[in-house]
Ligand code: GDP
Ligand code: MG
């Protein structure tokens with residue numbers, strides 16, 4: 001098909017505004033899938049994703065659409081992840097497109113991630129096509145939303161299709177608009193080859209399969225491809241597209257989107273955002289925008305069963321194939337043994353990886369509380385980055401400490417402004433601005449330490465606004481803060497995995513809360529266990545876990561045998577996630593206790 005009949009696009013939206021539903025309708029209407037095949041939300045193929053209703057894994061589908069002008073167009077729909085943690089992936093998949101369909105819920109209007117996604121699309125010079133979805137809802141107010149898109153985003157929206165992705169109403173207008181308003185890809189098949197990597201996954205037969213957008217030149221079977229960031233080269237064994245069924249082709253040419261496999265066994269060479277060229281038609285210029293991803297949140301992951309250390313390493317390596325933003329390195333904890341320090345883009349990302357490790361790889365893990373990266377300036381004028389509180393240098397050699405700050409924007413109905421500001425203040429937030437959206441809503445902006453967001457900000461925000469506020473944040477840099485390490489002692493011994501970094505003004509109250517919480521969580525042992533919080537060796541809080549009085553079984557007096565069994569099983573279940581630290585058995589939840597603030 002000629003290049004001028006290709007359209008490459010993404011769908012962007014705030015979560016739940018109907019991105020996946022619209023993608024489903026488009027797939028259906030272009031005949032990509034029959035009704036029978038049409039399981040709900042095909043693009044969100046991972047089990048975990050569907051359960052959580054978020055899109056983690058990117059995917060690209062080739063579609064044929066016969067437009068009203070009688071011509072048949074080749075559309076590539078590139079799916080983007082829908083969460084603030086995956087900004088870089090979103091931006092790279094947008095970089096593979098010429099346009100983006102912006103879905104806005106006709107009842108909810110513009111929300112925090114609507115804006116964040118629009119900015120990413122603008123950064124990539126995309127044509128943005130607004131679409132008002134869910135017009136079938138009784139609470140839909142398309143005219144208000146159109147005005148909002150024009151006022152808040154500054155995009156003309158009076159011609160935006162008013163659709164119901166659910167029923168299919170007016171979805172054809174979206175396809176017509178894509179064909180009419182999104183530019184065909186530029187570039188030439190004769191130029192030196194440049195292909196943008198926007199996704200990859202691991203296949204146990206073929207190795208790493210890479211998703212690319214060919215920006216210049218072409219890639220065919222037998223070519224020798226070169227990953228420009230690392231210089232690694234491979235011979236191409238297969239190329240193809242997804243429709244969404246996998247279809248092999250001889251070559252991918254300029255403007256197209258598809259996959260490449262080349263018996264790539266080494267994960268280290270494949271990075272989202274990198275450029276692939278070929279030795280046959282070599283380019284010496286990398287496509288713009290490549291950057292190494294910087295994780296924002298770290299935690300330690302340890303197998304409950306120490307003999308599973310190697311399995312954990314293999315699982316992390318496999319996940320890294322489809323998720324180049326995961327980083328990890330070996331770590332040893334006195335309390336937990338051998339494990340890995342893992343870096344994530346954010347909290348959701350961390351959650352998702354943990355869950356995948358447990359489900360897909362059948363591992364049982366102990367995770368330590370998440371930490372941000374602190375910059376510690378030492379008295380000898382050097383600086384070290386600390387992502388594990390236990391590694392904090394001694395106070396005598398520290399000059400000062402900086403922590404990462406984010407700019408948080410919270411879009412909210414007016415009635416919650418007060419409670420949101422209160423919440424932000426209590427999280428050491430610094431007021432920046434309140435922006436007017438319309439008569440009923442505002443956008444509240446605060447600068448807040450990332451570590452406070454890592455604690456329980458999301459939950460607190462949700463509960464104090466009944467879920468009506470939407471939230472987005474971006475890193476704005478590092479600032480000096482009065483921080484120090486707080487240690488937790490069990491039975492008189494410091495447990496390294498329970499150390500945390502606290503602000504001086506909150507140290508005493510937090511120490512007390514953590515001790516109380518640990519007392520609740522750690523089951524009674526055969527002996528009394530003192531729980532203490534300490535700053536620089538000085539005890540600031542203490543509780544005691546009383547000794548166990550009698551055997552659990554003694555409670556049921558021999559009577560009901562099945563009840564006894566149940567009790568034993570329950571104990572065993574509970575035991576699974578227990579880790580013996582010194583002489584004390586600690587459950588997983590204990591390591592999260594240091595996140596509790598009240
Ligand atoms: P995403 O998070 O943007 O991918 O949103 P989904 O496509 O998963 O949709 C979120 C919810 O909105 C689902 O329960 C959909 O069934 C529902 N939904 C999507 N489009 C429409 C629509 O046009 N009308 C109505 N009433 N519900 C819709
Ligand atoms: Mg979705």
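Some observations on this one:
- Among the numbered conditions (1) touching a residue at least 60 places away in the same chain (Cβ under 8 Å); (2) over 32 Å from the mean Cα position of the chain (by Cα); (3) crowded, with 23+ Cβ neighbours inside 10 Å, the only one that residue 223 does not meet is (1).
- Under the condition of being part of a loop (DSSP other than H, G, I, E, B), free of Cβ contacts under 8 Å to residues at least 40 places away in the same chain and either buried (at least 20 other Cβ atoms within 10 Å of the Cβ) or more than 25 Å from the chain's Cα centre (by Cα) (or both), the residues counted in region 249-306 number 1.
- Residue ID - nearest to ligand 1 (Cβ to nearest atom), chosen from residues in region 120-138 that are closer than 22 Å to residue 472 by Cβ and assigned to a strand (DSSP E or B): 133
- Here residue 362 meets each of (1) over 30 Å from residue 305 (Cα atoms); (2) assigned to a loop (DSSP other than H, G, I, E, B) with one exception, condition (1).
- Odd one out for residue 150 among (1) free of Cβ contacts under 8 Å to residues at least 12 places away in the same chain; (2) on the phi > 0 side of the Ramachandran plot: (2)
- Of the numbered criteria (1) closer than 12 Å to residue 102 by Cα; (2) touching a helix residue (DSSP H, G or I) at 6+ places or on another chain (Cβ under 8 Å); (3) buried (at least 22 other Cβ atoms within 10 Å of the Cβ), the one residue 149 fails is (2).
- Meets criteria (modelled with pLDDT under 90, within 13 Å of ligand 1 (Cβ to nearest atom), surrounded by 20 or more Cβ atoms within 10 Å (Cβ to Cβ) and more than 30 Å from residue 410 (Cα to Cα)) for residue 42: no
- Some residue of region 468-481 being buried (at least 16 other Cβ atoms within 10 Å of the Cβ) and without any contact (Cβ under 8 Å) to a residue 60 or more places away in the chain: yes
- Candidates 241, 212, filtered to the one that is part of a strand (DSSP E or B), surrounded by 19 or more Cβ atoms within 10 Å (Cβ to Cβ) and modelled with pLDDT under 95: 241
- Checking 119, 73 one by one, the residue that is away from ligand 2 (no atom under 16 Å from the Cβ) and surrounded by 19 or more Cβ atoms within 10 Å (Cβ to Cβ) is 73 and no other.
Residue-wise test of (1) surrounded by fewer than 24 Cβ atoms within 10 Å (Cβ to Cβ); (2) within 16 Å of ligand 2 (Cβ to nearest atom); (3) under 20 Å from the mean Cα position of the chain (by Cα); (4) touching a residue at least 12 places away in the same chain (Cβ under 8 Å).
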{"site": "88", "(1), (2), (3), (4)": "yes, no, yes, yes"}
{"site": "100", "(1), (2), (3), (4)": "no, yes, no, yes"}
{"site": "107", "(1), (2), (3), (4)": "yes, no, no, yes"}
{"site": "115", "(1), (2), (3), (4)": "yes, no, yes, yes"}
{"site": "139", "(1), (2), (3), (4)": "yes, no, no, yes"}
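- Residue in region 99-108 that is at pLDDT 95 or above and closer than 21 Å to residue 194 by Cβ present: yes
The values are calculated or read from the model by the stated rules, or taken from the named source; none is laboratory data. A quick note: this is a predicted structure, and the numbers were derived from the prediction, not measured. Counting neighbours? That spans all protein chains shown, and the Cβs are built from the backbone with ideal geometry, glycine included.
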